[in-house]
Amino acid sequence: MAALLALTSSLSWGVADFLGGLAARRAGTTQVLAVSYPAGALIITFLAIFVIPGKLSTDLIGISILAGVVGTIAITLLYAALVRGQMGVVSPITAVMSGAVPVFVGLLRGEQPSVFAFAGMGLAVFAVVLVSRESAHHHGRTPLTAIGLAIASGFAIGTYLTIIGLAPVDSGVWVATMGRWVSTVIMISFVLVVVRSFDKTTFPWKLAIITGILDSTANGLFQMASQRGLLSIVAVLGSLYPAATVVLARVVIKERMNRVQSVGVLLALSAAVLLAFNSS
């Protein structure tokens with residue numbers, strides 16, 4: 001069950017990143033997040049109350065605020081990178097770091113994945129590296145600023161996943177839920193006070209709303225997965241989201257995917273299968 005939840009969250013994140021990247025290219029990162037965050041917050045709140053009930057207590061306030069702040073920084077950096085570089089390159093780079101941070105924390109906590117699980121982790125990292133490879137024909141298409149933003153975003157995403165992954169088992173998805181409301185307040189306040197511009201007529205409403213719903217749902221699914229399995233394994237499964245982003249970028253907006261990247265996608269799927277069989 002933990003593996004299935006983590007894989008579903010990975011797919012949802014991958015689609016959300018693709019749609020969010022498209023929306024940010026049209027309307028700007030902060031404006032898109034100011035719409036996607038409240039849309040997602042409403043959905044995950046409904047899930048927390050009626051579908052996945054958990055224990056809500058004041059002890060969750062601190063960790064939820066931390067999750068909200070770190071999550072806002074992470075997604076802002078990610079969308080900024082997606083605007084500046086190819087999705088098929090930016091997304092895999094973030095995945096390496098986003099998976100590495102919770103794996104490291106999980107191992108420090110004494111988690112002991114099997115030999116096959118470690119093999120799956122290594123295969124997943126190798127797959128992400130291959131997916132991020134650009135051919136000589138595309139040399140220079142992804143600037144160093146986008147790569148730097150992707151690395152920073154990956155570290156922040158990994159930190160966020162670690163925070164919600166360490167939430168109390170009986171808390172349901174309340175940490176992810178309250179964290180999303182914290183992010184919503186931060187982003188709307190930023191747009192109102194700092195940006196002060198929002199073109200309602202040309203804004204990609206559908207893309208932003210669907211992005212928010214998919215992203216918040218993925219957060220909730222990942223929190224559930226981490227409560228049912230090893231953080232070090234579900235984090236790697238969750239970090240396979242670039243496969244979906246790369247495929248969508250190839251099919252929808254015709255970003256070219258070379259043979260090496262195609263092999264990387266296949267290896268990512270193989271790693272998912274290997275880790276799924278070793279997830280409790």
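Derivation of every value follows stated rules applied to the coordinates shown; laboratory data play no part. All figures in this text were calculated on a predicted structure; none of them were measured in a lab. FYI the Cβ positions are ideal-geometry reconstructions off the backbone, even for glycines, and counts take in every protein chain you see.
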Please give the calculated 222 nm ellipticity per residue for the chain, where each DSSP H segment of at least 4 residues contributes -39500 (n - 2.57) and the sum is spread over every residue; nearest 500 deg cm²/dmol?
-25500 deg cm²/dmol
For the chain, built as a Gaussian network whose Cα springs stay under 10 Å, the top-fluctuating residue of ILE164, ILE188, ILE44:
ILE188
Exactly which chymotrypsin sites (Phe, Trp or Tyr not before Pro) in region 169-240 are in a DSSP loop and have at most 14 other Cβ atoms within 10 Å?
PHE198
May I ask you to compute the full-extension gain from THR201 to LEU107, defined as 0.36 nm times their residue separation minus their alpha-carbon distance, rounded to one decimal in nm?
28.9 nm
Count neighbours as other Cβ atoms within 10 Å of each site's Cβ, and list the trypsin sites (Lys or Arg not before Pro) in region 145-252 that are DSSP loop with at most 11 such neighbours.
ARG196, LYS200
Gain upon complete extension [LEU4, VAL251; 0.36 nm per residue less C-alpha separation]
86.4 nm
